[in-house]
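Below is one structure; the comments refer to it alone.
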Amino acid sequence: MDGEPDELARRDDVDEEFRPRQRRWVRPIAWVAVLALVLGAGFSSALALLGGQARQAPEDPATIVSSVIEERGIGSGTVAIQAPPEEATALAVRFTCLSPGEFAWGTDPVENPRSSCTEAGVGSEVWNEFALPDLPQLYITADQDAEWAIEVVYISRTPAESA
């Protein structure tokens, strides 16, 4: 009818190019799906790496043969430790994240155990045992503002007697 709005009706007498209606929800859903796949793959890779680095508690008993060295820091750096006592066979390190971030720590300047700490994980502790270091220091790699604490002690493991 004349005078009624014809916004929804297509008029043949208008020379406009026909464009199909765009679905605006498709692109955000696709991005969410891609993001979920990437995060899932990253999370499963991290679990696999952590699983590969996890060490079972040795069967041999350990004796602490040095005083405990405690250190706190922010970001990356090195921590000087005392030279190992003669009876030491390994170095035990307890690492605690005091803020969220990415961390790596150990006796090697390049290849060390890694962990991520979320807001919910702040205060969590991870123990690792290392062979006696060539240099009496630990290497910590961390995000610039990430806070951490470590406790280091030399231990001596004596092989358990076979039955």
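A few remarks follow.
- Screening the range 106-122 for residues that are β-branched (V, I, T) and farther than 26 Å from P136 by Cα and picking the one that is surrounded by the most Cβ atoms within 10 Å (Cβ to Cβ) gives V122.
- Of the strands (runs of 3 or more DSSP E) lying entirely inside the range 30-144, the ones with 2 or more residues being modelled with pLDDT of 90 or more and within 28 Å of S156 (Cβ to Cβ) are found at 69-74, 77-80, 90-97, 101-106, 125-130, 137-142.
- Test result for F130, touching a Cys at 6+ places or on another chain (Cβ under 7 Å), closer than 26 Å to I64 by Cβ and either of a type in the set (K, R) or surrounded by 15 or more Cβ atoms within 10 Å (Cβ to Cβ) (or both): no
The values are calculated or read from the model by the stated rules, or taken from the named source; none is laboratory data. The model shown is predicted, which means the values in this text are computed figures rather than measured ones. Methodologically, a virtual Cβ is constructed for each residue, glycine included, from the backbone with ideal geometry; neighbour enumeration extends over all protein chains shown.
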